Amino acid sequence: MTAPSIEQELPARVSEEVLRLVGAQRFLAHFVVDEAQVLVRMGGELAHYGLTDLATGTSAADQLPFTEGLLPLFETPFLIRSLEMPSGRIADVHFFADGDVVWIILLDMTAEHDEAQLVQQKAYDMTLLSEREARLIEQLEAANTELTRAHRELAESRDALLVTHNRLRQELLEAEKYVRSCLPAPFEKPFVVDWLFVPTTELGGDSFGYHWLDDDHFALYLLDVCGHGVGAALLSVAANQTLRSQALLRTDFHDPEAVLNAMNRVYQMERHNDMYFTIWYGVYHVPTRTMKYASAGHPAPILVCGPREGRGEVQLLNAKGPILGMLPITRYVAQTFVIPHESRLFVFSDGTCEIGRPDGSMLDQNGFEEILSRPVPAGSSELERLLAMVREMHGQETLEDDFSIMKLEF
Amino acid sequence: MLQKKICLLGAFGVGKTSLTQRFVSSIFSDKYLTTVGVKIDKKAVDVGATPVSLVIWDIAGEDEVSAVRTSYLRGAAGYLLVVDVTRAQTLEVARAIQSRVATEIGDIPFVCLLNKIDIEPWDIAEARIEEVRQAGWTVERTSAKTGAGVEEAFAELAKRIVG
């Protein structure tokens, strides 16, 4: 024997009171729809839900859209939870089949809906945030993997570059060694010839040389090809070799202007990768102490006259002439100068005298002449001392250009 | 006028309510407000020469603890299956819902909406989209924010319903 349900237990008066209480608290409203799905009855708190302009005797689905497709009921009872009504209130909508009609009961659940929405909103916001965080972490991890791969490839490229760099550096050193091997040895008789050659970090375009043309004539020259690098060095060595081996047809190497004219024809820049150079070429006649010389845009050599122990008098061996290789039709004109006893001649490239200081200023021609005219302490190498002073002035060991200088001491 | 019930289904936060508001009222709000229960709207459309009143059920999204109540689809002529392109797992939720609806309600017309196409980056690869197309799904790309593809998506479903 089963226990009676509460509906059976409750006296009719109590049941009615409970119904009244629920109706009051939940704003109970109701509809009755017949088997033709026509709204036949309605009542309760309809205005609370905004359902005021309804009429019986017409289609329920047209007036109550939430019934569309649900009638006749496929299951009873049937519940639509938390349905938003036209007034904005939220109702649980209960469907009950009762013979040929369907009862639809509306109970206000706005408070419960709002509470549930608050909780659900927080939960969804948290979930969406954690999903976004997970995606960001995933993207960061992917980016990190990509960066690691790129870093590894970069390291491999760097290693390969280092190998290439070292090989090229080695080749440059070999080339520099060769350039140096082309330079003649210093000597001391019948006059002193000395030099200093300090190429910049990359191979430069300076070279120089000297040799006896015969017992009385001594040729000397210094040239400076524009720019730096292997190209400039190759042209410099080639031009130097031309002079050293006297490989210019129908040219008298005793005659500086003939030599520069011939060199200018051979070394036109359009045939030499647009490179040109400055050069000073001189021939010293020992018996008469006469220096005959010509210049193609080269800095004038400095002659310092007087004993080493005292301040010397400066004389420039100027000669005008355009840079060699730029103009096909050019005539260089030689000058002569008688070299006094107890004098020192310095032939150099522009990198030797144009020295930048840390403050941005430059050592000028007058400054360079002043340095060379200073007394030379006994026993010291004048050129080494000059290099030390220039480096100190520049503020660092490595100079910006080739440092090339020849000294003839008479 | 012909009246047809359609439903919007999908995971939570994919933009079902925003799509409905964009379609019915031409409005959009950036603020996300979760749906609890059901919201019902109506809008009349023309399918060719046939005017149709769409009764649109915007049903609370599915999450880990509560599944979409397929009984709400009783009497529905079709449904829109909404996916958020910035959350790949919402496509999997859509696949599960579609499978359940097919089993419990039957093969009624539906259109899959890839929503939030205005947001980069996408979390769903083209290959996955192609996969569901190959499975016979009609896929539309939409943005409730810009309105892109929204009218077309509802029109496509209405056309399939009216036939």
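The values are calculated or read from the model by the stated rules, or taken from the named source; none is laboratory data. Source: prediction; values computed, not measured. A quick note on method: Cβ atoms are made from the backbone with ideal geometry, for glycine too, and the neighbour counts reach across all protein chains shown.
Could you list, in sequence order, all residues of segment B:7-35 that are among the aliphatic types (A, V, I, L, M) and either touching a helix residue (DSSP H, G or I) at 6+ places or on another chain (Cβ under 6 Å) or more than 12 Å from chain A (Cβ to nearest Cβ) (or both)? Of everything in segment B:7-35, those that are among the aliphatic types (A, V, I, L, M) and either touching a helix residue (DSSP H, G or I) at 6+ places or on another chain (Cβ under 6 Å) or more than 12 Å from chain A (Cβ to nearest Cβ) (or both) turn out to be B:8, B:9, B:11, B:14, B:19, B:24, B:27.
This table checks each residue for (1) in a helix (DSSP H, G or I); (2) in contact (Cβ under 8 Å) with a residue 40 or more places away in the chain.
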{"position": "B:75", "(1), (2)": "no, yes"}
{"position": "B:86", "(1), (2)": "no, no"}
{"position": "B:93", "(1), (2)": "yes, yes"}
{"position": "B:101", "(1), (2)": "yes, yes"}
{"position": "B:121", "(1), (2)": "no, no"}
{"position": "B:131", "(1), (2)": "yes, no"}
{"position": "B:151", "(1), (2)": "yes, yes"}
{"position": "B:158", "(1), (2)": "yes, yes"}
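Suppose we filter segment B:36-59 for residues that are within 8 Å of chain A (Cβ to nearest Cβ), out of contact with any Leu (no Cβ under 8 Å at 6 or more places or on another chain) and not in a strand (DSSP E or B); how many remain? Going through segment B:36-59 one residue at a time, the tally reaches 1.
Hey, can you tell me all the residues within segment A:115-167 that are surrounded by fewer than 11 Cβ atoms within 10 Å (Cβ to Cβ), among the aliphatic types (A, V, I, L, M) and within 30 Å of residue A:81 (Cα to Cα)? Passing the criteria: A:126, A:129. Summed over segment A:1-45, the residues that are in contact with an Asp or Glu (Cβ under 6 Å, 6 or more places away or on another chain) and assigned to a helix (DSSP H, G or I) give a count of 1. Take the conditions (1) among the acidic types (Asp, Glu); (2) part of a helix (DSSP H, G or I); (3) surrounded by 15 or more Cβ atoms within 10 Å (Cβ to Cβ); residue A:194 misses just one of them, which is (2). The set of residues in segment A:153-182 being in contact with a helix residue (DSSP H, G or I) (Cβ under 9 Å, 6 or more places away or on another chain) and not hydrophobic (A, V, I, L, M, F, W, C) consists of A:171, A:176, A:178.
Can you confirm whether residue A:161 is modelled with pLDDT of 90 or more, closer than 30 Å to residue A:226 by Cα, part of a helix (DSSP H, G or I) and more than 14 Å from chain B (Cβ to nearest Cβ)? For residue A:161, the condition - modelled with pLDDT of 90 or more, closer than 30 Å to residue A:226 by Cα, part of a helix (DSSP H, G or I) and more than 14 Å from chain B (Cβ to nearest Cβ) - is met. Looking across segment A:213-267, the residues that are within 42 Å of the chain's Cα centre (by Cα), assigned to a loop (DSSP other than H, G, I, E, B) and modelled with pLDDT under 95 come down to A:226, A:227, A:228, A:229. What's the number of the only condition in (1) in a strand (DSSP E or B); (2) surrounded by fewer than 18 Cβ atoms within 10 Å (Cβ to Cβ); (3) in contact with a Leu (Cβ under 7 Å, 6 or more places away or on another chain) that residue A:176 fails to meet? Failed condition: (1). Restricting A:79, A:106 to residues that are within 11 Å of another protein chain (Cβ to nearest Cβ) and either over 60 Å from the mean Cα position of the chain (by Cα) or modelled with pLDDT under 95 (or both) narrows the list to A:79.
When only residues in segment A:379-394 that are among the charged types (D, E, K, R) and farther than 19 Å from residue A:360 by Cα count, which is surrounded by the most Cβ atoms within 10 Å (Cβ to Cβ)?
Checking each candidate, the answer is A:382.
Only one of the listed residues (A:91, A:123) is over 17 Å from residue B:38 (Cα atoms) and either within 11 Å of chain B (Cβ to nearest Cβ) or over 60 Å from the mean Cα position of the chain (by Cα) (or both). That residue is A:123. Scanning segment A:52-71 for residues being at the interface with chain B (Cβ under 10 Å from one of its Cβ atoms), touching a residue at least 24 places away in the same chain (Cβ under 8 Å) and out of contact with any helix residue (DSSP H, G or I) (no Cβ under 9 Å at 6 or more places or on another chain) gives a total of 2. Residues in segment A:268-283 that are of a type in the set (A, V, I, L, M) and more than 35 Å from the chain's Cα centre (by Cα): A:279, A:283.
Can we say residue A:74 is at pLDDT 95 or above and within 14 Å of chain B (Cβ to nearest Cβ)?
no
So which of A:84, A:141, A:188 is within 14 Å of chain B (Cβ to nearest Cβ) and farther than 30 Å from residue A:231 by Cα? So that I can check it myself, show each step before the final result.
Details: A:141 fails: within 14 Å of chain B (Cβ to nearest Cβ); A:188 fails: within 14 Å of chain B (Cβ to nearest Cβ).
Within the list A:84, A:141, A:188, the selection yields A:84.
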